[in-house]
Amino acid sequence: MARDRDIPPTTLDELRRDLGRLKMHAIAAGLDEALDQAATLEQGYVTFFAGLVAKQVLAQTESAAQSRLKLAGFPTTKTFDTFDWTFQANLNIQLVKDLMNLHFIRQGRPVLVLGRPGTGKTHMSIAYGILAVHAGYTVRHFAVTKLLAELYAGLADNTVERMVSRLSRVDLLILDDLRQVTPKPEYAGLLFEVIDARHGRKSTMLSSNLSVNAWGKALGNSTVTPSLVDRLMERAHVINIKRGRSYRTDGPEAPPEHERPAGLQPEGEEGA
Ligand code: ADP
Ligand code: MG
């Protein structure tokens with residue numbers, strides 16, 4: 001009697017093995033069902049084959065989106081599905097919804113999101129980022145302070161150029177929350193390198209609770225700040241939430257009014 005390994009594999013076994021080698025796992029998983037269905041419905045070859053290929057395409061598209069989502073580095077998940085459009089009286093809803101079509105990414109245009117703390121800037125930037133990931137774009141999300149710290153550390157081990165070059169290729173770079181930090185003389189120059197490498201080609205979305213004319217001070221009054229602002233403003237869409245309410249202190253989950261701290265709003269902030 002022949003030993004197991006001498007038994008020639010059937011065509012179906014070979015097919016399964018080849019599908020495994022080609023990493024076409026969705027086709028392999030759907031094969032039995034598709035064969036049954038083809039027999040029952042008396043499907044033609046093309047219909048049968050197209051159905052299986054479509055399964056594989058769907059699985060690969062979904063898996064690529066999951067990888068891009070991971071690489072994007074969102075601090076949390078926020079979407080427009082959970083966004084309350086009625087909360088902010090001065091939100092330019094038309095603009096926010098227009099930008100949801102993501103043309104700005106294809107056009108490489110900057111988007112500035114300005115408003116007080118708690119007005120939904122981070123929420124919106126993540127929501128745009130997630131839309132972009134699912135539309136097939138590569139996205140990176142950074143808190144500005146974290147990016148500056150990473151670039152600054154790169155000065156010591158000579159990796160700034162590599163970091164800037166990597167960041168320059170991302171379709172949508174989200175720089176969240178440019179605010180007053182203890183500035184270092186190098187900060188503005190480092191941020192400029194990133195912005196300049198993307199300028200006119202790739203879209204950068206930057207959010208801030210400071211008005212644009214306060215960015216210079218926040219970044220340490222460097223001589224490059226005007227050039228940085230210039231590049232970010234050219235062809236930019238600006239979502240400016242004037243006199244915005246904080247969802248944190250005024251939203252549905254905020255403490256009752258008599259328990260809310262007064263005078264939360266520091267001076268010189270956007271929309272004040
Ligand atoms: P900002 O970045 O402007 O300081 P966030 O986007 O972090 O504010 O918003 C603070 C919190 O309030 C987050 O949990 C966010 O999801 C929520 N939030 C803000 N605006 C809205 C809104 N219009 N609808 C639903 N949730 C909101
Ligand atoms: Mg924020």
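The values are calculated or read from the model by the stated rules, or taken from the named source; none is laboratory data. Because the structure is predicted, anything quoted here is derived from the model rather than measured. Cβ: placed from backbone, ideal geometry, glycine included. Neighbour counts: every protein chain shown.
Some values worked out for this structure:
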read-out: Members of the range 187-234 found to be surrounded by 21 or more Cβ atoms within 10 Å (Cβ to Cβ) and aliphatic (A, V, I, L, M), listed by number; value: A188, L190, L191, V194, I195, M205, L206, L219, L228, L232
read-out: Residue ID - nearest to F104 (Cα to Cα), chosen from residues in the range 235-252 that are β-branched (V, I, T) and crowded, with 17+ Cβ neighbours inside 10 Å; value: I239
read-out: Residue check, L219 within 16 Å of ligand 1 (Cβ to nearest atom) and in the same structural domain as V144 (by TED's automatic domain parsing); value: no
read-out: Any hit, the range 177-193, residues being in a helix (DSSP H, G or I), among the polar types (S, T, N, Q) and assigned by TED's automatic domain parsing to the domain that holds S125; value: no
read-out: Selected residue [more than 20 Å from the chain's Cα centre (by Cα) and surrounded by 11 or more Cβ atoms within 10 Å (Cβ to Cβ)] from G44, G51, G73; value: G51
read-out: Candidate set: the range 122-145, residues that are among the β-branched types (V, I, T) and near ligand 1 (Cβ under 9 Å from one of its atoms); chosen: the one farthest from L102 (Cα to Cα); value: T122
read-out: Cross-chain or 6+ apart pairs with Cβ under 8 Å, the range 249-261 first and assigned by TED's automatic domain parsing to the domain that holds F87, then modelled with pLDDT under 80 and not in a loop (DSSP other than H, G, I, E, B); value: none
read-out: Pairs where the first residue, in the range 14-26, is closer than 17 Å to F49 by Cβ and the second is crowded, with 16+ Cβ neighbours inside 10 Å, C-beta under 6 Å, 6+ apart; value: R16/A28; L19/I27; L19/A28; M24/Q56; A26/K55; A26/Q56; A26/A59
read-out: Qualifying residues in the range 69-89 (those that are in contact with a Lys or Arg (Cβ under 9 Å, 6 or more places away or on another chain) and outside any loop (DSSP other than H, G, I, E, B)) - the one farthest from ligand 1 (Cβ to nearest atom); value: L71
read-out: Residue within the range 237-259 that is within 16 Å of ligand 1 (Cβ to nearest atom), polar (S, T, N, Q) and assigned to a helix (DSSP H, G or I) present; value: yes
read-out: Boolean, A65 is aliphatic (A, V, I, L, M), assigned to a helix (DSSP H, G or I) and without any contact (Cβ under 8 Å) to a residue 60 or more places away in the chain; value: no
read-out: Scope the range 32-54; condition of a type in the set (A, V, I, L, M) and over 24 Å from L22 (Cα atoms); matching residues; value: A39, L41
read-out: Every residue from the range 111-121 that is within 14 Å of V96 (Cβ to Cβ) and either modelled with pLDDT under 95 or within 6 Å of ligand 1 (Cβ to nearest atom) (or both); value: G115, T119, G120, K121
